[in-house]
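The values are calculated or read from the model by the stated rules, or taken from the named source; none is laboratory data. None of the values given here were measured: they were computed from a predicted structure. In this analysis, Cβ positions are derived from the backbone assuming ideal geometry, glycine residues included, and neighbour counts consider all displayed protein chains. Keep in mind that these areas ignore ligands, DNA and RNA; they rest on the heavy atoms of the full protein, side chains included. Shrake-Rupley method; radii C 1.70, N 1.55, O 1.52, S 1.80 Å.
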Amino acid sequence: MASVSTNEMKSGTKVLVDGEPYAIVDNEYRKPGKGQATNSIKIRSLKTGRVLEKTLKSGDSWELADIEEVDMQYLYSDGEFWHFMNPATFEQIQAGKTAVEDAAKWIKGEETCKVLFFNGLPLSITPPNFALLTITETDPGVRGDTSGGGGKPATLETGAVVRVPLFVQQGEVIKVDTRTGEYLNRAGK
Amino acid sequence: MLRARAELYGSIRAFFAARGVLEVDTPVLSSHATVDRHIESFEVPGGGWLQTSPEFAMKRLLCAGSGPIFQIAPAFRREESGRHHNPEFRLLEWYRPTWDHTLLMDEVEALAHHLGIARGRRFVRLSYREAFVAFAGFDPHVADLTALRAAWPQVDLGADADDRDAWLDLWMSHRVGPRLGDPDPVFLVDFPASQAALARVRPGDPPLAERFELFWRGIELANGFHELGDAQEQRRRFEADQAWRRARHRLVPPLDDNLIEALQAGLPASAGVALGVDRLLMLAQGLPELAAALSFDHPRA
């Protein structure tokens with residue numbers, strides 16, 4: 001297995017720490033003039049997103065993680081697995097709930113998602129940054145309100161619930177930022 | 001920035017000219033190199049090594065009777081790269097025959113004030129022990145390995161996990177050093193004998209190295225010694241460092257027998273110090289990182 005030394009660990013490098021895949025976030029070198037050098041390295045878990053800091057003796061190394069990111073088209077879910085297809089090779093894969101997680105809230109079919117593979121298995125799914133989805137249920141708004149100060153909850157066709165301004169009605173298509181889960185605007189019409 | 005550096009060099013030269021310290025030039029490329037455990041040299045294809053400081057050549061000049069000397073020299077250290085490190089940097093190094101390190105600290109302070117650094121502030125002298133007691137909460141001369149490690153569950157020192165000095169260095173670079181010298185610059189003195197490098201060791205309990213480091217605003221700026229003049233002891237330390245390197249399958253450069261020979265002929269009792277010019281410029285100009293004080297930092301050199 002290939003490894004990477006502390007002075008080659010750049011932001012974004014994917015490494016294996018205690019058998020788990022992480023991405024390097026930050027790497028700070030410190031050394032007393034006549035003493036032992038160390039690197040304090042911030043790493044983000046590719047599974048949980050949690051960031052932690054480890055300190056290594058400079059020159060020591062970690063194994064590189066076998067990580068690959070592929071753009072794939074979401075096909076459908078059978079309830080247990082979410083199925084994706086590589087549009088270049090037509091190869092199909094299935095990803096379980098732990099990999100799909102919150103991405104499931106924003107995809108209904110045909111979206112191009114980023115699938116992260118760890119040792120050849122899907123580790124995480126990132127949906128497109130913006131989703132266009134139909135509101136399937138929301139309370140009728142109060143006429144005259146156009147700013148939507150407080151807003152109201154709206155259930156989307158995928159099951160996701162977002163806060164929308166009061167003037168947005170059931171059956172309308174809205175644009176949502178999937179990274180924050182926030183309503184952006186009404187789409188189409 | 002280019003102008004600030006030129007002015008800094010001019011002020012340094014004026015300071016030493018007024019004090020009768022001779023500017024010298026010594027070779028950057030040498031047939032020997034430092035064997036220091038924590039300093040890696042660049043080996044040049046075709047033969048020779050780039051100096052990691054002008055120390056050995058300048059000591060040979062002292063042995064030859066040069067009297068007080070200084071130089072602003074390039075230094076090269078492999079693998080040293082970071083916010084406060086660049087593999088190539090400039091050192092101001094000078095030597096004072098007949099002086100000891102305490103007299104030399106006075107001169108470092110005078111130079112700093114002459115350069116407009118911490119003007120009007122008295123430099124503080126703090127022992128290695130006092131600094132650790134204040135900022136790490138323990139006595140570095142007696143604390144055992146378990147105590148040194150306890151605060152660092154996330155640290156893996158690999159092959160050096162049982163090396164007390166490696167843990168002390170970790171405390172120094174992460175907790176103690178960053179607290180030193182703000183606002184008043186601090187001379188850290190009386191290092192553990194195990195960290196003597198090329199300094200004399202004063203017998204006692206514990207024995208202490210006659211070595212100092214200057215910290216300003218949490219950054220190490222200079223390192224000075226009451227110089228070791230004992231050729232036999234110098235050879236013994238070099239060989240111990242070589243053995244340490246060999247045991248870890250590290251590069252083992254040839255030790256400088258020209259220096260040993262010169263020491264045998266006799267090094268006048270003297271004190272010497274090396275000061276990082278780029279860091280000085282960085283701090284004096286209020287820059288966030290060393291790269292900003294350089295014309296071209298290593299990735300762009």
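From the list B:Leu180, B:Leu208, the one residue that fits, being within 24 Å of B:Asp100 (Cα to Cα) and either within 14 Å of chain A (Cβ to nearest Cβ) or touching a Cys at 6+ places or on another chain (Cβ under 7 Å) (or both), is B:Leu180.
Considering (1) in contact (Cβ under 8 Å) with a residue 24 or more places away in the chain; (2) under 29 Å from B:Glu55 (Cα atoms); (3) open to solvent by 30 Å² or more (accessible area, probe 1.4 Å), the lone condition that B:Phe212 does not fulfil carries the number (3). Out of the range A:13-58, which residues are aliphatic (A, V, I, L, M), open to solvent by 20 Å² or more (accessible area, probe 1.4 Å) and within 8 Å of chain B (Cβ to nearest Cβ)? Answer for the range A:13-58, where residues must be aliphatic (A, V, I, L, M), open to solvent by 20 Å² or more (accessible area, probe 1.4 Å) and within 8 Å of chain B (Cβ to nearest Cβ): just A:Leu52. Of the helices (runs of 4 or more DSSP H) that lie entirely inside the range B:231-301, those containing 3 or more residues that are within 27 Å of B:Gly158 (Cβ to Cβ) and hydrophobic (A, V, I, L, M, F, W, C) span B:231-247. In the range B:167-177, the qualifying residues are those that are within 9 Å of chain A (Cβ to nearest Cβ) and either under 18 Å from B:Asp144 (Cβ atoms) or among the hydrophobic types (A, V, I, L, M, F, W, C) (or both), and the one that is surrounded by the fewest Cβ atoms within 10 Å (Cβ to Cβ) is B:Trp167. When the range B:215-235 is limited to residues that are open to solvent by 70 Å² or more (accessible area, probe 1.4 Å) and within 18 Å of B:Lys59 (Cα to Cα), the one that is farthest from the chain's Cα centre (by Cα) turns out to be B:Gln232. Apart from one condition, A:Phe84 fits all of (1) in contact with a strand residue (DSSP E or B) (Cβ under 6 Å, 6 or more places away or on another chain); (2) touching a residue at least 60 places away in the same chain (Cβ under 8 Å); the exception is (2). From the list A:Glu28, A:Glu63, the one residue that fits, being assigned to a strand (DSSP E or B) and without any contact (Cβ under 8 Å) to a residue 24 or more places away in the chain, is A:Glu28.
Residues of the range B:135-150 that are open to solvent by less than 10 Å² (accessible area, probe 1.4 Å) and either under 26 Å from B:Val108 (Cα atoms) or part of a loop (DSSP other than H, G, I, E, B) (or both): B:Pro140 alone. The residue of the range B:151-166 that is nearest to the other protein chains (Cβ to nearest Cβ), among those that are open to solvent by 10 Å² or more (accessible area, probe 1.4 Å) and in a helix (DSSP H, G or I), is B:Gly158. State yes or no: is B:Ala73 surrounded by 21 or more Cβ atoms within 10 Å (Cβ to Cβ) and part of a strand (DSSP E or B)? So B:Ala73 passes the test. Please indicate, with yes or no, whether at least one residue in the range B:106-122 is in a helix (DSSP H, G or I), within 12 Å of another protein chain (Cβ to nearest Cβ) and either open to solvent by less than 40 Å² (accessible area, probe 1.4 Å) or out of contact with any Lys or Arg (no Cβ under 8 Å at 6 or more places or on another chain) (or both). Checking the range B:106-122: not a single residue is in a helix (DSSP H, G or I), within 12 Å of another protein chain (Cβ to nearest Cβ) and either open to solvent by less than 40 Å² (accessible area, probe 1.4 Å) or out of contact with any Lys or Arg (no Cβ under 8 Å at 6 or more places or on another chain) (or both).
When each of B:Ala57, B:Ala131 is tested for being more than 15 Å from the chain's Cα centre (by Cα) and without any contact (Cβ under 8 Å) to a residue 40 or more places away in the chain, the lone residue that passes is B:Ala57.
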